[in-house]
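First up is the structure itself, then whatever we jot down about it.
Derivation of every value follows stated rules applied to the coordinates shown; laboratory data play no part. What you are looking at is a predicted structure, and each value in this text was computed from that prediction instead of being measured. Reconstructed Cβ throughout: ideal geometry from the backbone, glycine too, with neighbour counts over all protein chains shown.
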Amino acid sequence: MQSIAIAVVIVVAAIASAAIWYLTRPVEAEDIKIGVCLPLSPPGAYVVGGKMKSAFQLAIDQLNAKGGLLGKNVTAIYEDTQASPEKATAAATKLITQDHVAFIVGEAHSSPARAISEVCHKYNVIFIATDVWADDITGTHYPTIFRIAPYNSYMFIGYLDAFKQFGYKNVVALAETTDWGIAVDNYFKTALPAIGISYYSHTVDVASTDMTAELTEFASRTPKPDLFLALQTECFLPTKQAFEVGLSPTAQIFAMATKPAFPEIWTAVGNKATGLIFVNVYHPKAVTSQVGMEFNAAFKAKTGFDADGEIVECMDTILALTDAVKKAGTINTNDVIQALETVNVQGSRGPVSFTTNLTFNNAQWHQYMSPLYIIQYTENNQLYNDAEIVYPLTSNTTAYVPQKNFFP
Amino acid sequence: VIQTFDSAVNLLFSLILTGLVIGLIYGLYAVGLALIYGVMRIPNFAHGEFYMLGGYALYYVTLLLGVNSWVGLPLAILIGAGAGYLFEFTCIRPIYKGKVADPGTYSTLVTFGLLIFLENFALLVFGPWTVAPPSFIPFRIQFGIGAMEGDRVAAGLISLGIIVTVYLFLKKTWVGKAFQATSQNVQGAQIQGINPATISALSFAIASGIAAATGALLGPIFMVYPNVGAVPVGKAFTINVVGGLGSISGCIVAGLIIGLVETLLSVYVNAAYKNLYGLIVLVVMVAIRPYGLFGKSEETRR
């Protein structure tokens, strides 16, 4: 018995020693450290977060393979924010005060990104928000905050034009109770009636799994809705349930999120995704950038997945940041801010630069004017890369077809 | 977009139908939890993870064996029951061997630990992707002026069948009576020749099998992903408190009440507070009748 106890103590001591060594091991003293905040576990969008982590690591590995930054190796330190502002605040504070990162990048949820921007403003650390859309992230006009993703007010203009082009008259929506969902819902409540389109919506808890009651009500309305907006990051369930209550395909489903780009959509919702339209900031059919094509090929080789919007945003984040640091010749915050304000580097979708002219709800501050596409699945089990761009009309690859036409 | 009187009546009928079916499903969420708490006085915080395992079991059984969901369902239940038995054998059994000083704290911690372990296990093994097992009934069924997705009808009816079976098992069979005896007094049950460790194992296996059945039945409706058990376990605890801790009848009635309240108020008041409505029912119940609709106060129990 005593020998078992001794053995247990030795094993525990060995594991504890290994853990202590791992946690306190010296990171290369000369490394430039970049903090990366992402949702890596529930309730955050951990599928997106996981893919973004792979993309950031690939971009940093490629950078190091080319000699790093200012002659130094670059190291990423990842923190899981779980879509929580409290956890994001703690993560950003830890990255700055304990890990002494030079910059912070990342995020896929607006609320934690907003929290990170406050911490970065307080400590004068640059934060490049990668895949978050809420206006007020850059609307605060903090000098250290930049954004690669598009922002809501800018996207709204495109949506309104698309709705007019596609001829919708009666729109219903389910909006998730987040900064983003409520902001979009509030905007449409006034903007759509102003252009002669009726709008009716429900807000639903972000963790809601059963929306059949609300969708049943939508389906019972007269005249029948011709567009159902799923203003939800997790848009598979509302897509499926809209069909189940008979709302769609009469009402075209527009998932105002990028998640439908994931191939899992077909195993999750089946052929109900045929004819679905959704947004994205990237589509291979619109890319002419050699840099983007090479990165996407490397990402596919590394992960087995095709690149989508979030992935190329990670790449553009690192490209812009490293170009600015090279220009500044230092990692000093104020010098890098100046360099970022004038950066012009070839990114995945074309030149990346940040503009500030305070248009569209005063939010256009340190903002990359990202392209924005409305994509449509035109066949069952179609891969994202084969889906069609239906908006903007200047770069569409096919004409928009109402979803009901796919279900004769 | 407006509503006519006829469409408003049709809507109300459809919502009541939807509320009743979701209420039965909620009842099934809660029955497994009630069984374990009723018999063993253990709040199983990992109940939702057995629900998740049931959903994945149905998905992979149908995918790998090429069988339909009706054949896959009993296999999913067996897998869930087996996992529950394994958990009981490795983590709960020490309570009955006198190896645990504070069983209440121990069981709370160990079931919480299992919750975290299983959720991360699923993330690692199955991946973060959302999957949906094949439908049980892949078409809508018309009920008078309302219609409902076949999978919901199947889930509602099978839920009712499982709940009634569990109720009859507890009331009419010798083993069920042994469950009740253990629930009332462990030492007294032992004197009568009942082995509490066996009852513990059986209750965990049956409750986990029920949770897996729920996950499998609802997989085609709500899909399956690693943290899919989070919502059901919250509902299950609410329903158990409203219905009376450990009461099977309470699970049915409380499930129906909460299902209807949530469905109707989310359309006619505000959908954003759907989860709050169940909690309001819970608060009202605790204020009026702290031991729930069908529960008994500790004094009455004694």
Region B:167-211 and region A:226-245: distance between their alpha carbon centers, rounded to Å: 44 Å
What aspartates and glutamates sit close enough to A:Lys224 to cross-link, taking a C-alpha to C-alpha distance under 15 Å and skipping anything fewer than 8 places away on the same chain? A:Glu214, B:Asp6
How are the Cα pair distances of region A:42-86 distributed, in percent, across 5 Å bins from 0? 5, 21, 23, 17, 13, 10, 8, 2
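How long are the three semi-axes of the equivalent ellipsoid of region A:231-289, in whole Å, if each is the root of 5 times an eigenvalue of the C-alpha gyration tensor, listed from largest down? Intermediate results must be reported in sequence, preceding the final value.
Details: eigenvalues 101, 26, 22 Å².
Each semi-axis is the square root of five times an eigenvalue, giving 22, 11, 10 Å.
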For region A:342-350, Karplus-derived ³J(HN,Hα) couplings (6.51, -1.76, 1.60; θ = phi - 60°; whole Hz; x for glycine and proline) come out as 10, 5, 8, 10, 6, x, 5, 10, x
Under 5 Å between amide H atoms, partner at least 5 residues away or on a different chain: which partners does A:Ile126 have, H built in plane at 1.01 Å? A:Ile104
Filtered hits (aspartates and glutamates, Cα-Cα < 16 Å from A:Lys169, offset >= 8 within chain) -> A:Asp161, A:Asp226
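Normalise the Cα radius of gyration of region A:271-335 by 2.2 N^0.38 Å (N = residues in it) and let me know the number. Let's see the in-between values first.
On the way: Rg = 15.9 Å, N = 65, 2.2 N^0.38 = 10.7 Å.
The value comes to 1.48.
For region B:37-187, count all C-alpha to C-alpha pairs, find those more than 23 Å apart, and express that count as a whole percent of the total. Kindly include the intermediate steps, with their values, before the conclusion.
Details: 5845 of 11325 pairs.
Tail of the P(r) past 23 Å holds 52 percent of the pairs.
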Cα centroid of region B:233-302 to Cα centroid of region A:259-310, whole Å: 44 Å
Projected area of chain A, taken from the Cα convex hull and averaged over every viewing direction, in nm²? 23.1 nm²
Say the dipole of the protein assembly as shown comes from +1 at the beta carbon of Lys and Arg and -1 at that of Asp and Glu; which of B:Ala122, A:Asn332, B:Ala81 then lies farthest toward its positive end? B:Ala81
Taking Cα centroids, how far is region A:129-162 from region A:52-109 in Å? 21 Å
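How much of the pair distance distribution for region A:115-220 lies past 17 Å, counting alpha-carbon pairs only, in percent?
Working: 3465 of 5565 pairs.
Cα-Cα pairs of region A:115-220 separated by over 17 Å account for 62 percent.
Given the rule -39500 (n - 2.57) for each run of at least 4 DSSP H residues, summed and divided by the residues of the protein assembly as shown, what is its mean residue ellipticity at 222 nm, to the nearest 500 deg cm²/dmol? All intermediate terms of the calculation are to be shown ahead of the outcome.
On the way: 26 runs with 393 residues, N = 710.
Computed ellipticity for the protein assembly as shown at 222 nm equals -18000 deg cm²/dmol.
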Equivalent ellipsoid semi-axes - Cα gyration tensor, chain B, angstrom: 32, 24, 17
At most 16 other Cβ atoms within 10 Å plus a DSSP loop assignment makes a site exposed; report the longest stretch of chain A without any exposed trypsin sites (Lys or Arg not before Pro). A:170-408
In whole Hz and in residue order, list the ³J(HN,Hα) couplings for region A:113-129 that follow from phi through the Karplus curve 6.51 cos²θ - 1.76 cosθ + 1.60, θ = phi - 60°; x for Gly and Pro. 5, 5, 5, 5, 4, 5, 5, 5, 5, 4, 9, 6, 10, 6, 10, 9, 6
Fewest first, what order do A:Thr398, A:Thr190 take by the number of other Cβ atoms within 10 Å? A:Thr190, A:Thr398
If amide H atoms are built 1.01 Å from N in the plane of the peptide, which residues on other chains or at least 5 residues away come under 5 Å of the amide H of A:Lys33? A:Thr75, A:Ala102
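Could you give the size of the charge dipole of region A:96-186 about its Cα centre, using +1 on the Cβ of each K and R and -1 on the Cβ of each D and E, expressed in debye and rounded to the nearest 20?
200 debye
When DSSP assigns beta bridges and you keep just the ones with both residues in the protein assembly as shown, what percent turn out antiparallel, to the nearest 5? Could you put the intermediate results ahead of the total?
Numbers: 17 of 54 bridges.
Counting DSSP beta bridges with both partners in the protein assembly as shown, the antiparallel share is about 30 percent.
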Which of the listed residues, B:Ser183, B:Gly259, B:Tyr167, is farthest toward the dipole's positive end in chain B, when Lys, Arg count +1 and Asp, Glu count -1 at the beta-carbon? B:Ser183
Signed unit charges on C-beta, dipole axis of the protein assembly as shown, positive-most listed residue A:His366, A:Ile389, B:Phe237: B:Phe237
Taking 1 over the mean of 1/r across every pair of different Cα atoms in region A:80-148, what Kirkwood radius in Å do you get? 11.4 Å
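Nearest-5 percent of antiparallel DSSP beta bridges in chain A?
Details: 11 of 48 bridges.
Around 25 percent antiparallel, to the nearest 5.
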Taking amide H positions as placed in the peptide plane 1.01 Å from N, state which residues far from A:Tyr142 in sequence (5 or more) or on other chains have amide H under 5 Å from it. none
What area, in nm² and to one decimal, does the C-alpha convex hull of the protein assembly as shown cast on average over all directions? 34.5 nm²
Going down the list A:Lys259/A:Lys285; A:Lys53/A:Lys94; A:Lys33/A:Lys66; A:Lys53/B:Lys235; A:Lys272/A:Lys300; A:Lys72/A:Lys94, which pairs span over 25 Å between their C-alpha atoms? A:Lys53/B:Lys235; A:Lys272/A:Lys300
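Where nothing but the Cβ of Lys and Arg (+1) and of Asp and Glu (-1) is charged, how large is the charge dipole of chain A around its Cα centre, in debye to the nearest 20? Spell out each step's value before the answer.
On the way: 26 positive and 37 negative charges, 67 e Å.
Dipole size: approximately 320 debye.
So if we plug the beta-carbon distance of A:Gln165 and A:Ser353 into 1/(1 + (r/R0)^6) with R0 = 35 Å, what FRET efficiency do we get, rounded to 0.05?
On the way: r = 29 Å, r/R0 = 0.82.
The computed FRET efficiency comes out at 0.75.
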The size of the Cβ-based charge dipole (Lys, Arg +1; Asp, Glu -1) of the protein assembly as shown about the Cα centre, to the nearest 20 debye, is 1700 debye
Efficiency of FRET between B:Ala8 and A:Lys300 - r from beta-carbon atoms, R0 56 angstrom, step 0.05: 0.60
Hey, what do the phi angles of region B:8-13 turn into as Karplus ³J(HN,Hα) couplings, whole Hz, using 6.51/-1.76/1.60 and θ = phi - 60°, x for Gly and Pro? 5, 5, 4, 5, 4, 4
Please report, for the Cα atoms of region A:69-108, the Rg to one decimal and the Dmax as a whole number; what are they, in angstrom? 11.4, 36
Debye sum, Cα scatterers, region A:266-406, no solvent: what log₁₀ I/I(0) at q = 0.13, 0.16 1/Å? -0.69, -0.93
Of B:Ala271, B:Ala207, B:Ala197, the one that fluctuates the most in a GNM where chain B has Cα springs shorter than 10 Å: B:Ala271
Report the normalised scattering of region B:1-110 as log10 I(q)/I(0) at q = 0.21 Å⁻¹, calculated by the Debye formula with identical scatterers on the alpha carbons. -1.12
Would you please state which residues of region A:53-78 a label at A:Gln98 would reach in this model, taking the label point 7 Å out along Cα→Cβ and a backbone N cut-off of under 20 Å? A:75-78
